[in-house]
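Worksheet: one structure, shown below.
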Amino acid sequence: MQIVIAWTEETQEIVKIGRVDLGESHKFRTVLTPKACMWVNKGNARDLAKARVYAANEGHAVLCYENEHNPLEKAKIDIMAV
């Protein structure tokens, strides 16, 4: 079992570039950015329990996969769907 910790972070993205030389600031918007990290690649129930405790303390989600080719990218897609 592949155990992944996933979460989203708010980041800023420039919508319109301002002319700072004239005192005009950039225009930003807030977007959610998915983040993921591998807890363990070949885990068991004990690893899953530890991951859940950690994720609960940090406000993250625990996602599990079986033989996923790219579990981090899959987790990023899945966390955005929640």
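Read-outs: derived from the displayed coordinates by stated rules, not from any lab. As the structure is a prediction and not an experimental result, all values here were calculated from the model. When we count neighbours, we look across all protein chains shown, and the Cβ atoms used for this are built from the backbone with ideal geometry, even at glycine.
Things to note:
- Some residue of segment 40-48 being assigned to a strand (DSSP E or B) and either over 17 Å from the mean Cα position of the chain (by Cα) or not hydroxyl-bearing (S, T, Y) (or both): yes
- Counted residues, segment 5-37 - those being among the β-branched types (V, I, T) and under 20 Å from A56 (Cα atoms): 3
- Residues of segment 54-77 satisfying the condition of being of a type in the set (D, E, K, R), within 16 Å of K35 (Cβ to Cβ) and surrounded by fewer than 17 Cβ atoms within 10 Å (Cβ to Cβ): E58, E73
- Residue within segment 40-53 that is of a type in the set (S, T, N, Q) and either loosely packed, with under 10 Cβ neighbours inside 10 Å or in contact with a strand residue (DSSP E or B) (Cβ under 6 Å, 6 or more places away or on another chain) (or both) present: yes
- Cβ-Cβ contacts under 6 Å between residues 6 or more apart (or on different chains), taken from a first residue in segment 1-20 that is closer than 30 Å to V40 by Cα and touching a residue at least 40 places away in the same chain (Cβ under 8 Å) to a second residue that is of a type in the set (F, W, Y) and surrounded by 10 or more Cβ atoms within 10 Å (Cβ to Cβ), are listed as Q2/Y65; I3/W39; I5/W39.
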